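Since the structure comes first, as structure tokens, the remarks are kept for the end.
The values are calculated or read from the model by the stated rules, or taken from the named source; none is laboratory data. Owing to the predicted nature of the structure, the values given are computational and were not obtained by experimental measurement. Cβ sites come from the backbone with ideal geometry, for glycine too, and all protein chains shown count toward neighbours. For the accessible areas, the whole protein counts, side chains as well, though only heavy atoms, and no ligand, DNA or RNA atoms are used. Shrake-Rupley method; radii C 1.70, N 1.55, O 1.52, S 1.80 Å.
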Amino acid sequence: VITFYYDVVCPYAYLGSTRARALAERTGAQLVYRPILLGGVFKALDAPQEPARQMAPQKARLNTLDLLRQGDLMGQPVSWHPRHPVRSVSAMRLLVGCDDAVRPDLTAALYKAYWVDHEDISDRATLSRIAGEHGVDIAIIDDPAVKQALFDTTAEAVALGGFGVPIWKVRFDDGRERFWWGADRIHLVAEALGADWPAPGTAERTDDPLPITFFHDVSSPFSYLGSTQIARLAEEEGTTVAWVPILLGALFKEIGTPIVPLPAMNAAKARYYAQDMRDWSAHWGVPFRMPSAFPLRTVAPLRVMLQDPATTPHLYRAAWAEDRDIGQPEVLTAVLDEAGFDGAALLAGTQDPAVKAQLVANTARAVQTGVCGVPTFQVGDAIFWGQDRLEHVRQAVRGWRLPQG
């Protein structure tokens, strides 16, 4: 059974809703629609009601572009409601109070009203018209039992560990349960249920692929995961990768983001991201182990990478697969020696003023480019943040005409 938790006001849940039935059909699962109130989830977790307003401008901009790109690749373009976010309490009461058989189609109608037609779903007359078209009495939104039911489904999502929407909770045949968050995790849900899911994108491979610039720091688990795949993608597309080590902490300080983001998250989100790392390592088929010494000190390893880029995969693997604290000089030297490099010479080279200056320059370049975290991939003038955006990178290499914010 796949339970789909959603709120009509969320654009990511909107994108997820357009694929929910296809996911159920592809996996042979029963699909249950579970309306909740996203604002209620945020309130329960003491999280901002409008998270984007709390983000660094670079991150907010990339998140907006990423949403538009997701919609474009899914063939479901996102058009912002001019009054977004519109209060959705009444709409969600309508959905939680209607018959189960009606809910999927009524959900689709309300998503269309908000995200396509830009109607006011907080207006009772608008809701009454949409409800009537599906044989639902608008009066149910005033029923105390319906109000309580929406409160209960929201509390259920919070108890599950949810911190946003869409949520895909799967109950397996053996009774196990777990969830995934995001429209961009549907393929992981399908994979867990033994089905494949088509990669997004329609751009054809080109004879003149664009090169990739890869901003990275060995301090990040997601940078590690991206580092294991980017060379493969480039080879498949017949292009090149320029590896650009940066100092992530210095970047965060410059743009006003917590130096170590994971501890700054609410507990539910932090727990999910820990699972998400394991999901992606399994998806890519690479080893992963959270380092005992996290957060890692990576200034010296990054300076080593600058001297000899061939050391990069060895240092990533030592940190994120073998739990070796490469921030310690003796460990760093040993890892390099074991991989066939001159560890002592490379360690000595980390004190070279030119090497130090290059790392500072790389980080400044990342800030100027608009990078908000790692890994970040630059293709032409476009940047893509996150190892989970490799298929976006592939499409860009092929010349994808990117939607603009």
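At-a-glance table
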{"quantity": "Residues being free of Cβ contacts under 8 Å to residues at least 60 places away in the same chain and either crowded, with 17+ Cβ neighbours inside 10 Å or closer than 23 Å to ALA250 by Cβ (or both) - total across region 193-202", "calculated": "0"}
{"quantity": "Near pairs, Cβ below 7 angstrom, 6+ apart or cross-chain, from region 385-404 (β-branched (Val, Ile, Thr)) to any residue that is assigned to a strand (DSSP E or B)", "calculated": "VAL393/ILE212; VAL393/PHE377; VAL393/VAL379; VAL393/PHE384; VAL397/ILE212; VAL397/VAL379"}
{"quantity": "TRP284 being without any contact (Cβ under 8 Å) to a residue 60 or more places away in the chain, surrounded by 15 or more Cβ atoms within 10 Å (Cβ to Cβ) and farther than 30 Å from PRO353 by Cα", "calculated": "yes"}
{"quantity": "ALA24 open to solvent by less than 40 Å² (accessible area, probe 1.4 Å), touching a strand residue (DSSP E or B) at 6+ places or on another chain (Cβ under 7 Å), outside any loop (DSSP other than H, G, I, E, B) and not aromatic (Phe, Trp, Tyr)", "calculated": "yes"}
{"quantity": "Any hit, region 168-188, residues being crowded, with 21+ Cβ neighbours inside 10 Å, touching a residue at least 60 places away in the same chain (Cβ under 8 Å) and aliphatic (A, V, I, L, M)", "calculated": "yes"}
{"quantity": "Test: residue in region 260-278 that is free of Cβ contacts under 8 Å to residues at least 60 places away in the same chain, touching a helix residue (DSSP H, G or I) at 6+ places or on another chain (Cβ under 9 Å) and in a loop (DSSP other than H, G, I, E, B)", "calculated": "yes"}
{"quantity": "Helices (runs of 4 or more DSSP H) enclosed by region 290-386 - at least 2 residues per element that are open to solvent by 70 Å² or more (accessible area, probe 1.4 Å) and of a type outside the set (Lys, Arg)", "calculated": "329-338, 353-369"}
{"quantity": "Any pair with Cβ under 9 angstrom, 6 or more apart, that starts in region 91-117 at a residue that is closer than 13 Å to TYR14 by Cβ and ends at one that is charged (D, E, K, R) and open to solvent by less than 30 Å² (accessible area, probe 1.4 Å)", "calculated": "ALA91/ASP7"}
{"quantity": "Residues being out of contact with any Asp or Glu (no Cβ under 9 Å at 6 or more places or on another chain) and more than 17 Å from ARG61 (Cα to Cα) - total across region 362-378", "calculated": "2"}
{"quantity": "So ALA44, is it buried (at least 16 other Cβ atoms within 10 Å of the Cβ), within 25 Å of the chain's Cα centre (by Cα) and of a type in the set (A, V, I, L, M)", "calculated": "yes"}
{"quantity": "Residue satisfying condition, being loosely packed, with under 13 Cβ neighbours inside 10 Å and assigned to a helix (DSSP H, G or I), within set ARG53, ARG61, ARG69", "calculated": "ARG53"}
{"quantity": "Flag if ALA242 is closer than 29 Å to GLN395 by Cα, assigned to a strand (DSSP E or B) and small (Gly, Ala, Ser)", "calculated": "yes"}
{"quantity": "Unmet requirement for VAL286, which otherwise passes all of (1) in contact with a Leu (Cβ under 8 Å, 6 or more places away or on another chain); (2) under 17 Å from PHE179 (Cα atoms)", "calculated": "(2)"}
{"quantity": "Of residues in region 246-258 being touching a residue at least 12 places away in the same chain (Cβ under 8 Å) and outside any helix (DSSP H, G or I), the one least open to solvent (accessible area, probe 1.4 Å)", "calculated": "ILE246"}
{"quantity": "The listed residue being over 22 Å from the mean Cα position of the chain (by Cα) and of a type in the set (Asp, Glu), out of GLU50, GLU25", "calculated": "GLU25"}
{"quantity": "Contacts under 7 angstrom Cβ, first residue in region 127-139 being on the phi < 0 side of the Ramachandran plot, partner among the polar types (S, T, N, Q), 6 or more apart", "calculated": "LEU127/SER90; ILE138/SER128"}
{"quantity": "Residue list for region 203-238, filter: open to solvent by 60 Å² or more (accessible area, probe 1.4 Å) and either over 30 Å from GLY249 (Cα atoms) or in contact (Cβ under 8 Å) with a residue 60 or more places away in the chain (or both)", "calculated": "GLU204, ARG205, ASP207, ASP208, LEU210, PRO211, GLU235, GLU236"}
